[in-house]
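Following: one structure in structure tokens, then a few remarks.
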């Protein structure tokens, strides 16, 4: 009986030894696989880290994270570093950037040829004809130039202000419409300066142009004008509206004699009784037909700024 027990114990220890030996062999094989193949073999998946980005398969069926797609392929045995886009390098890209053109010019183009004509009105303002002329200009969306007399501006400052507010140019026509060629240098300066101050007071606009009453100009007069940082403006077509010329005669005069760079003389105050009624009737006709002939109606200031004016008329 005792011999049978001893034999049973030996058999149990033999089985235990076999199990232990098997465990050692399996463990060694596992360690070998870990070291040479790793856990990302064909049948083992790595655990995703929190930073991992999963992308949807593309049309080829492959999947790649954005970071992987941005990196260049690396050939075996060589190292490389991905360069950031040119916009992040602070340098310039190999391709020239596309330049956007401005939607509109930032300054007037002076070398473009334009058929410019200026409508001008002397001796105002007043509360009768000047207002009606302004209404017609507004209706036709045309800008004109008004050479104002200082004493009239003092009487009708609101009308003078309206001229400026509606985008027309204002020129100096002296204080009291005196003949500047017959005045001393001091008297000329007073006529010009006093009118200038009254215009600025009423309109907030400082005239850059002057027209001598009666068109009476001399070298001495021009010197006085230039001393005030202004240009003198004459005319190319005189409608003689102040004399009561008929609408038909004035229309024919304007349409026949107006050329590029032309400056048309009319009045918004003064003249013979009711003479300027003809001016009011003439104005819409010449606006319509001058534009139909391709003329651009502008202010004298715009004509000067464009540098497309007659130097014999504007000095």
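The values are calculated or read from the model by the stated rules, or taken from the named source; none is laboratory data. A quick note: this is a predicted structure, and the numbers were derived from the prediction, not measured. So basically every Cβ, Gly included, is an ideal-geometry build from the backbone, and we count neighbours across all protein chains shown.
A few points about this structure:
- Any hit, segment 127-134, residues being within 27 Å of the chain's Cα centre (by Cα), modelled with pLDDT of 95 or more and under 21 Å from residue 241 (Cβ atoms): no
- Top-ranked residue in segment 237-246 [being in contact with a helix residue (DSSP H, G or I) (Cβ under 7 Å, 6 or more places away or on another chain) and buried (at least 17 other Cβ atoms within 10 Å of the Cβ); ranked as farthest from residue 276 (Cα to Cα)]: 237
- Taking every residue in segment 192-206 that is touching a residue at least 12 places away in the same chain (Cβ under 8 Å) and pairing it with any residue that is crowded, with 21+ Cβ neighbours inside 10 Å and in a helix (DSSP H, G or I), at least 6 positions away or on another chain, the pairs with Cβ-Cβ distances below 6 Å are 194/150; 195/150; 198/150; 198/153; 199/153; 202/153; 202/160; 203/160.
- Residue within segment 250-263 that is assigned to a helix (DSSP H, G or I) and crowded, with 20+ Cβ neighbours inside 10 Å present: yes
- Segment 149-173: number of residues that are exposed (fewer than 14 other Cβ atoms within 10 Å of the Cβ) and touching a helix residue (DSSP H, G or I) at 6+ places or on another chain (Cβ under 9 Å): 3
- In the set (1) buried (at least 21 other Cβ atoms within 10 Å of the Cβ); (2) at positive phi, residue 229 fails one condition alone, (1).
- Any hit, segment 246-258, residues being under 23 Å from residue 160 (Cβ atoms) and within 35 Å of the chain's Cα centre (by Cα): no
- Sub-9 Å Cβ pairs linking a first residue in segment 174-188 that is exposed (fewer than 13 other Cβ atoms within 10 Å of the Cβ) to a second residue that is assigned to a loop (DSSP other than H, G, I, E, B), at least 6 apart or interchain, are 182/216, ordered by first then second residue.
- Scanning segment 279-315 for residues that are under 23 Å from the mean Cα position of the chain (by Cα) and under 21 Å from residue 132 (Cβ atoms) yields 297, 299.
- Any hit, segment 238-249, residues being part of a loop (DSSP other than H, G, I, E, B), at pLDDT 95 or above and touching a strand residue (DSSP E or B) at 6+ places or on another chain (Cβ under 6 Å): yes
- Test: residue in segment 258-268 that is without any contact (Cβ under 8 Å) to a residue 40 or more places away in the chain, farther than 18 Å from residue 123 by Cβ and touching a helix residue (DSSP H, G or I) at 6+ places or on another chain (Cβ under 9 Å): no
- Any hit, segment 289-310, residues being more than 25 Å from residue 136 (Cα to Cα), surrounded by 15 or more Cβ atoms within 10 Å (Cβ to Cβ) and in contact with a strand residue (DSSP E or B) (Cβ under 6 Å, 6 or more places away or on another chain): yes
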